[in-house]
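The values are calculated or read from the model by the stated rules, or taken from the named source; none is laboratory data. If you're wondering where the values come from, they're calculated on a predicted model, not measured in any experiment. Using ideal geometry, Cβ is built from the backbone for each residue, glycine included, and neighbour counts are taken over all protein chains shown.
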Amino acid sequence: MEMAEMLRYLERICKTKQQEAKHVLAVRGFLDLFHFRAASLFTYSAMNETGEGIIRACERGIYSIREIREDVRTIPPMHAAIHSKRADIIDSASLARHFPAKYVQGLSYLLVVPICSGPLTIGCATVTRYAGPGTIGTKMLQALTIYGQMIGETFIEREQRPRQVLSNREREVLQRMAWGEFIKEMADHMGISEYTVRDYIKSALRKMNAQNRTEAVAIALRTGIIK
């Protein structure tokens, strides 16, 4: 999974105005970007540790799963992934032991992907039936974690955290990160040192109250700071 491809897809979600349409694109991303054949999207409330279904996408189409409502504490592997804020794969033994049978019947594994906005987990996705090249490994889990962070930022209608005005250079490094450029490439294109690039990135993140580069780019795309 190329970061640039993921960012282009994220931009499509950001430009979509209706929340339901955002959800459709987000859940379709697990199929279109990551080559899974089935994915479900859920909200998550940290207050009562409850997950509620939104939509499911599979080869048959997209349909509502709003009838689903579960206390995540009763499903330890999902609870652990949500609290770690990292995608994780749940094997068949854990599925049989911890998940309600009606949700995992016939599955040999399930991936849980937290959906985050800054430090908050606001939802999760479950994905399965991988049909892409290679196997599901560390890089795939890392990419899914980043995707969950990115789409989580697009689900927040209006960013409430105060931010200072960014300088032209700070906006430029954010734009170049969105294009998928690395630190060295940015330094070469901007005619500055790699240390200075890192300083601009740090100051942009600080002004935006962003936890990391992924969150900063997602916020910048959604709010129109970059395109």
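Assorted remarks:
- Scan segment 90-121 for residues that are hydrophobic (A, V, I, L, M, F, W, C) and buried (at least 19 other Cβ atoms within 10 Å of the Cβ) and the total you get is 10.
- Sole residue being touching a Lys or Arg at 6+ places or on another chain (Cβ under 9 Å) and of a type in the set (Gly, Ala, Ser), chosen from GLY118, GLY106: GLY118
- Among the residues of segment 174-207, those identified as under 14 Å from ILE219 (Cβ atoms), crowded, with 16+ Cβ neighbours inside 10 Å and either at pLDDT 95 or above or of a type outside the set (A, V, I, L, M, F, W, C) (or both) are GLN175, LYS207.
- Going through (1) surrounded by fewer than 19 Cβ atoms within 10 Å (Cβ to Cβ); (2) closer than 12 Å to THR126 by Cβ; (3) at pLDDT below 95 one by one, GLY61 falls short only on (2).
- Qualifying residue in segment 73-87 (condition: within 20 Å of ASP32 (Cβ to Cβ), in contact with a strand residue (DSSP E or B) (Cβ under 6 Å, 6 or more places away or on another chain) and not assigned by TED's automatic domain parsing to the domain that holds ILE219): yes
- Helices (runs of 4 or more DSSP H) wholly inside segment 42-156 containing at least 2 residues that are closer than 18 Å to LEU31 by Cβ: 138-155
- Residues (closer than 19 Å to LEU110 by Cβ and not in a loop (DSSP other than H, G, I, E, B)) located in segment 1-39: ALA26, VAL27, ARG28, GLY29, PHE30, LEU31, PHE36, ARG37, ALA38, ALA39
- Yes/no for GLY137 being out of contact with any helix residue (DSSP H, G or I) (no Cβ under 6 Å at 6 or more places or on another chain) and more than 18 Å from ASP91 (Cα to Cα): no
- Filter result for ALA46 (in the same structural domain as ILE122 (by TED's automatic domain parsing) and at pLDDT below 95): yes
- Positions within segment 168-202 being in contact (Cβ under 8 Å) with a residue 24 or more places away in the chain and of a type in the set (Ser, Thr, Tyr), in sequence order: TYR200
- Scope segment 136-168; condition among the β-branched types (Val, Ile, Thr) and modelled with pLDDT under 90; matching residues: THR154, ILE156, VAL165
- Given (1) of a type outside the set (D, E, K, R); (2) surrounded by fewer than 20 Cβ atoms within 10 Å (Cβ to Cβ); (3) on the phi < 0 side of the Ramachandran plot, number of the condition THR126 does not satisfy: (2)
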